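Just so you know, all these numbers are worked out from the coordinates, no wet-lab data involved. Remember, it's a predicted structure, so these values are computed and weren't measured experimentally. Neighbour counts run over all protein chains shown; Cβ positions are idealised from the backbone, glycine included.
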Amino acid sequence: MKKFFTTIKNIFSIEELRTRIFYTLGFLMVFRLGSFIVLPGVDPSKLNEASSGFFGMINTFLGGAFSRASIFALGIMPYISASIIVQLLSVAVPKFQKLQKEGESGRKKINQITRVLTILITMAQASGYLAATIPAEAITLTNQSFFVASSMIILTSGTMFCMWLGEKITEKGIGNGISMLIMIGIISRFPLAIIEEVGTRGTQGLLLLVLEFLALFFIVMSVVLLTTAVRRIPVQYARQVVGGGKKQLGKGQRSYIPLKVNSANVMPIIFAQSLMFLPSLLSSVWAEENDTARYIAQAFADFTSLEYNITFAILIILFTFFYTAITINPKQMADDMKRNNAFIPGVKPGEQTSDYISAVLDKITLPGALFLAIVAVLPAFASAAGVSMNFAQFYGGTSLIIMVGVILDTLQQIESYLLMRHYEGMMKSGSIKGRSQNVPAF
């Protein structure tokens, strides 16, 4: 306990770090306040709560702003969608690959393209949001066209403001701003979930409540291990030795390539979750006439059903391999090593190095994908075991992985500041590991 208070004192004794923490808290407070400002012309008492399915997941990310018809109802999600699209284009389209290689100027052009795409996606999503989530009786304005037009402008402006807040947190605060906005939205629902669970169990269910928190603790520790686990490939750098008028290669510095067990991070769950509402949506069209369609619609509308979770797990495994394949290029890594006079001991440079990295990547991606699928379906098991719906969401899935990743990233930055100022780190041995740099930080 004494070490804990000493670490807190050291953190706030560094002026730059203290200022960044206060900036971050201020920006997050503005974001949370904005999530309670309802769109003009909407009666919040007549809105429906989005508690399950794809809308429920978005509502969790945004801390309830989605179901409240807030000016931040779409939050940062359109920007994330645009970033994912641009990232995929950077892998598949040569023009975007060229921009990535142009350094700072190329990065600015990609950011500009992402912002324009964010506006377009937000406008499209705003139209769908108004039509799908706000019932007619909740609209107080008589002029429907004016309400739709003004709300689309406000929602788009709200998303752009959230994007600006995220950039400011990254620039002047601590941690990745976009990730912090998502995390604060998720964490904001945690106290209410605990209160709801305690109220449900009461004093008679105290033992069950203790067991639930113990299970949650071990699940969080498992996710930390999944997030930080790496497979290190040793690398030897050749050193040029000049002597007798000739250049010879000698043994140089040793290093390693850290390959994350979960290189895709949370992206497979997001991709899979975005597809899981399609079977229920498409089957509901023929549900009244066809028994099979009715069965599919009912099965995939319940996130605790066996059919839903098996399909969800399979999609996560497939998307994990897919996303890892498009974000990590073993051939490019082998070429970069060859140019830098580096090699893997016992492996020839070039194609054999590329094959070796690919083989290692396949071996570690499979257990990572299986573990990620298990973590993703844990909330369904928790709910089936009697845990309340809101509290069960923190037993795994997208919410838990995002929270763990963001917290680790933030702690890693804080520890870096402490070590630079010659203070003792936050751990007695080793260091805090953040997420991989080859995946998006959200």
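Applying a DSSP loop filter and a limit of 14 other Cβ atoms within 10 Å to the trypsin sites (Lys or Arg not before Pro) in the stretch 259-364 leaves nothing.
Compute the label zone of residue 196 within the stretch 365-403: residues whose backbone N is under 11 Å from the point 7 Å along Cα-to-Cβ. Correct set: 388-394.
Distance between the modelled labels on residue 136 and residue 104, one decimal in nanometres: 5.7 nm (7 Å Cα→Cβ projection).
Across the stretch 56-91, the residues whose backbone nitrogen lies under 12 Å from the label position 7 Å along the beta-carbon direction of residue 37 are 70-73. Taking amide H as placed 1.01 Å from N in the peptide plane, the amide H of residue 73 sits under 5 Å from none that are at least 5 places away or on another chain.
With a 10 Å cut-off between alpha carbons and a GNM built on the chain, which of 359, 313, 264 moves the most? With Cα springs under 10 Å in the chain, the top fluctuation among 359, 313, 264 is at 359. Once the dipole of the stretch 228-375 is set up with Lys and Arg at +1 and Asp and Glu at -1 on Cβ about the Cα centre, which of 279, 329, 368 lies farthest towards its positive end? It is 329. For the stretch 228-375, the Cβ-based charge dipole about the Cα centre amounts to some 1700 debye (Lys, Arg positive; Asp, Glu negative; other atoms uncharged). Phi angles across the stretch 152-158 convert, under the Karplus curve 6.51 cos²θ - 1.76 cosθ + 1.60 with θ = phi - 60°, into 3J(HN,Hα) values of 5, 5, 5, 5, 5, 5, x Hz, Gly and Pro given as x. Over 28 Å apart at the Cα level, from the set 101/331; 109/168; 3/260; 172/331; 95/331; 95/172, are 3/260; 172/331; 95/172.
Full extension of the chain segment joining residue 340 with residue 256 gains 28.9 nm, where the gain is 0.36 nm per residue of separation less the Cα-Cα distance.
Eigenvalues of the alpha-carbon gyration tensor of the chain, scaled by 5 and square-rooted, set the equivalent ellipsoid semi-axes at 40, 27, 26 angstrom, largest first.
Return a whole-number percent for the relative contact order of the chain, with Cα pairs under 8 Å and 6 or more residues apart as the contact set. Each step should come with its number before you reach the end.
Working: 582 pairs, mean separation 77.8, N = 442.
Relative contact order here is 18 percent.
In whole Å, how far is the Cα centre of the stretch 293-327 from that of the stretch 96-120? Value for the Cα centre distance between the two parts: 32 Å. Dipole magnitude for the stretch 327-379: computed about the Cα centre from +1 point charges on Lys and Arg Cβ and -1 point charges on Asp and Glu Cβ, it is near 80 debye.
Peptides 398-406, 70-78, ordered by how many other C-beta atoms sit within 10 Å of their residues on average, highest first, read 70-78, 398-406. For the stretch 10-112, the list of trypsin sites (Lys or Arg not before Pro) that fall in a loop by DSSP and count at most 11 other C-beta atoms within 10 angstrom reads 101. Around the amide H of residue 342, modelled in the peptide plane, lie the amide H atoms of 238, all under 5 Å away and 5 or more residues distant in sequence or on another chain. Scalar couplings 3J(HN,Hα) for the stretch 77-91, obtained by applying the Karplus form with A = 6.51, B = -1.76, C = 1.60 to θ = phi - 60°, are 4, x, 5, 5, 4, 5, 5, 5, 4, 5, 5, 5, 5, 5, 8 Hz; x denotes Gly and Pro.
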